[in-house]
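Participant: Before we start, here is the structure in question, set down as structure tokens.
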Amino acid sequence: MKILKICILILYSSVALANIKAENIDFNEFDKYQFQFTKSEIEKRVKKYLEKDSKIRSHYKVTKDALYIGDLDHNKIDYVLNFKTKKNQKIKKSKNKRSLKGLKIAIDPGHFGGDYARLEDRFTNIFLEDPKEEIFFDEGTLTYLTAMELKDLLVADGAIVFCTRGGIGKGALDDDFFEWLKKNTKHWKSSKALDHLFRAYYNREDLLQRAAKINAFNPDITLAIHYNTNFTQKDSAVKTNYSLAFVPGAFCGGELDKVRNRYEFLRLLVTNHMVESIRLSENLAKQFVTKLKVPLISNNEIASYIDNFCLKQKDGVYSRNLALTRLVHSPVCYGETLIQNNKNELIRLSKKDTTIDNILCSKRIKEVAQAYYDGIKRYLNSR
Ligand SMILES: [Zn+2]
């Protein structure tokens, strides 16, 4: 019986390998997780972390003995993960680092900012009545400066930090948007608007490149830095203010159609990345409250993305299947601190009362970087 199972496994593995070599995905990386989990452990993990919509069940199946993942409607199996039997040997867990010295940390400052802020639609431009003034700033600049400040704090403690982009208005691709347009004529020949081309094509490619660069760095933890906005009242100052953090998981209908995404689903199921992402994010979220004096998002907050795309893991910590949470191969926290168009925040954020990297900016950015830094230290001490 056991020999038969192994034969089936080898057969499926080699079929999977042939299908996906082109995409550089190797499901055999999961062989070390064979016979490590019981059926109920796998079912619990899928329910708690990964399944937002039962439609994804056309791409995985749990039987008495194993988990099957693939395009099951078309009898294509990517991988079979056999469940634990009594005598199986456990994988030795590697020791977690508890100090910043030598810890590899990847930081992705969200968006581009600068010249691209309007094309990517990530800016705040509000005319205040009292005090009478026009306020303008963009998220990509805030995230980049936050990352630079945080990097300095972490490097001073011996951490090895990699940042996905090298300046305001820059992404992770070598080509800027206009160079990219020259090489991708089919897009602008379609006479779609520039902002659409930026968001629907260039930005997506850039996100994949960010994830690829992070994975090549092989970090211990990854932080994606964002600032939140109340989009329903984007052009006015709002009273509401809150922070939250996203972690991987919460796959919706259609989101396991690609082999790449099924690989990531299985990775999240068998590695410690889910649990560690939640612990990291929980520690960061607590610091967002104490250091920034901003509450976590409440259950009553009307944010459609929470209902439609998220699974709540802890207060202020939600699984959400974003490119950067799905594709990064380490524990990850995708932070969304404060609401940029909250009246107090937008006045604070528009001030130029300090500098980071010789760039005049708001002290509030340094407070946000400090909250991330303190959260990481607490996370390490809790391991
Ligand atoms: Zn953002």
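Participant: Report the calculated FRET efficiency for Lys61 and Ile91 (r = Cβ-Cβ distance, R0 = 30 Å), to the nearest 0.05.
Facilitator: Approximately 0.80, to the nearest 0.05.
Participant: Give the Rg (one decimal place) followed by the Dmax (whole number) of the chain, computed from C-alpha coordinates and expressed in Å.
Facilitator: 22.1, 78
Participant: Can you list the residues, at least 5 places off or on another chain, whose amide H is less than 5 Å from the amide H of Glu51, using H built in the peptide plane?
Facilitator: Long-range HN contacts for Glu51: Ala250, Phe251.
Participant: For the peptides 282-294, 233-245, what is the packing order when you average, over each peptide's residues, the other Cβ atoms within 10 Å and list the highest mean first?
Facilitator: With the highest mean Cβ count within 10 Å placed first, the list reads 282-294, 233-245.
Participant: How would you order 153-160, 270-277 from highest to lowest mean count of nearby Cβ atoms within 10 Å?
Facilitator: Top to bottom by mean Cβ count within 10 Å: 270-277, 153-160.
Participant: Okay, next question. In which sequence would Ile225, Ile168, Ile306 go, from the one with the fewest C-beta neighbours within 10 Å to the one with the most?
Facilitator: Result, fewest neighbours first: Ile306, Ile168, Ile225.
Participant: While we're looking at this one, here's another question. Beyond 32 Å between alpha-carbons counts as too far, so tell me which of Lys44/Lys363; Lys101/Lys286; Lys101/Lys366; Lys234/Lys312; Lys95/Lys314 fall in that bin.
Facilitator: Over 32 Å Cα-Cα: Lys44/Lys363.
Participant: Roughly how tilted is helix 363-381, in degrees to the nearest 10 and between 0 and 90, from the longest Cα axis of the chain?
Facilitator: Here the helix axis deviates by roughly 30 degrees.
Participant: Taking every eigenvalue of the Cα gyration tensor of region 226-318, multiplying by 5 and rooting it, what semi-axes result, largest first, whole Å?
Facilitator: After scaling each eigenvalue by five and taking roots: 27, 18, 10 Å.
Participant: How many angstrom separate the Cα center of region 92-140 from the Cα center of region 224-241?
Facilitator: What the calculation gives is 13 Å, centre to centre.
Participant: Right, here's the next one. 7 Å from Cα along Cα→Cβ at both Asn75 and Lys47: what's the point-to-point distance in nm?
Facilitator: So the label points at Asn75 and Lys47 sit 3.2 nm apart.
Participant: Quick one: of Lys151/Lys293; Lys90/Lys151; Lys93/Lys291, which pairs are farther than 26 Å apart, Cα to Cα?
Facilitator: Among Lys151/Lys293; Lys90/Lys151; Lys93/Lys291, the Cα-Cα distance tops 26 Å for Lys90/Lys151; Lys93/Lys291.
Participant: How big is the dipole moment of the chain about its Cα centre under a simple scheme where the beta carbon of each Lys and Arg is +1, that of each Asp and Glu is -1, and everything else is neutral? Debye, nearest 20, please. Before the final figure, lay out each step's value.
Facilitator: On the way: 65 positive and 48 negative charges, 411 e Å.
Dipole magnitude for the chain comes out near 1980 debye.
Participant: Could I ask something else about it? Please name whichever of Leu154, Ile225, Cys361 sits farthest to the positive end of the charge dipole of the chain, dipole taken about the Cα centre and charges placed at Cβ: Lys and Arg +1, Asp and Glu -1.
Facilitator: It is Leu154.
Participant: Just to check I understand the Karplus step: with θ = phi - 60° and J = 6.51 cos²θ - 1.76 cosθ + 1.60, what whole-Hz values come out for region 334-351, glycine and proline as x?
Facilitator: Result, ordered by residue: 9, x, 10, 7, 6, 9, 4, 9, 5, 4, 5, 5, 6, 5, 4, 5, 8, 6 Hz.
Read-outs throughout are calculated quantities, based only on the coordinates presented, and are distinct from any laboratory measurement. As the structure is a prediction and not an experimental result, all values here were calculated from the model. Ideal geometry is used to build each Cβ from the backbone, glycine not excepted, and the neighbour counts take in all protein chains shown.
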